[in-house]
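The values are calculated or read from the model by the stated rules, or taken from the named source; none is laboratory data. The structure displayed is predicted, hence computed values, not measured ones. Neighbour counts run over all protein chains shown; Cβ positions are idealised from the backbone, glycine included. Note: accessible area is taken over every heavy atom of the protein model, side chains too, but ligands, DNA and RNA are not part of it. Shrake-Rupley method; radii C 1.70, N 1.55, O 1.52, S 1.80 Å.
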Amino acid sequence: MCRLQCMFSHSSSSESRLSLEDTQQWSQSLERLLESKYGLATFRNFLKSEYSDENIEFWLTCEDYKKIKSSFRMSSRAKKIYEQFIKAESPKEINIDYHTREQIKRNVKTPTMHCFDDAQKIVYGLMERDSYPRFLRSDIYRTLLESLAADATNG
């Protein structure tokens, strides 16, 4: 936790420092949390501490995948994503239904930028309903809020 606090509170410029207001806004929605570089970093740290970071890693990997322009790179990356997250018994297997898994297996043979969209929506929903509420109740988030509130008070 200290590592997070130190990383966020001792930034070189005041514009890049994490504020109490920014941190409080993370509780408005998962989308708001993920839009913040500090929010994303804190959420990932929380998920790693729970050994459940495969969903956020998959979601972020898909966001990067959608930016690929080269069809060769897209094909190569799609196969890696499938092997790492989708395939049954894969190292970071995500929790998706059989139908979606099979659909992606077919899509990866001729990948498009949207071939993981259904799985990404499922994973986002899982994070929104499960991981995100746990994060908001976590010691990591609560301690960070308290620390920033104390800093704001002491000014």
Checked pairs for region 69-89, first open to solvent by less than 30 Å² (accessible area, probe 1.4 Å), second among the aromatic types (Phe, Trp, Tyr) and assigned to a helix (DSSP H, G or I), C-beta under 7 Å and 6 or more apart or across chains, list as Ile81/Tyr65; Phe85/Phe58
Answer yes or no as to whether Asp130 is within 19 Å of the chain's Cα centre (by Cα), open to solvent by 50 Å² or more (accessible area, probe 1.4 Å) and closer than 22 Å to Gln24 by Cα. yes
Counting only residues in region 103-127 that are under 12 Å from Ser75 (Cα atoms) and of a type in the set (A, V, I, L, M), the one least open to solvent (accessible area, probe 1.4 Å) is identified as Val108
Reported set for region 50-80 where residues are at pLDDT below 95 and under 27 Å from Asp22 (Cβ atoms) is Glu50, Ser52
Any hit, region 106-125, residues being of a type outside the set (Val, Ile, Thr), touching a Lys or Arg at 6+ places or on another chain (Cβ under 7 Å) and within 23 Å of Ile68 (Cα to Cα): yes
| request: For region 33-47, indicate whether the set of residues that are among the small types (Gly, Ala, Ser), assigned to a helix (DSSP H, G or I), out of contact with any Gly (no Cβ under 8 Å at 6 or more places or on another chain) and open to solvent by less than 30 Å² (accessible area, probe 1.4 Å) is non-empty. | output: yes
Counting only residues that are hydroxyl-bearing (Ser, Thr, Tyr), in a helix (DSSP H, G or I) and farther than 21 Å from Asp139 by Cα, region 48-73 contains a total of 3
Note on region 74-131: residues over 16 Å from Glu57 (Cβ atoms), assigned to a loop (DSSP other than H, G, I, E, B) and among the β-branched types (Val, Ile, Thr) are Val108, Thr110, Thr112
Only one of (1) open to solvent by 30 Å² or more (accessible area, probe 1.4 Å); (2) closer than 24 Å to Gln24 by Cβ does not apply to Ile56, and that is (1)
If we keep only residues of region 140-155 that are of a type in the set (D, E, K, R) and over 19 Å from Leu30 (Cβ atoms), then the residue most open to solvent (accessible area, probe 1.4 Å) is Glu146
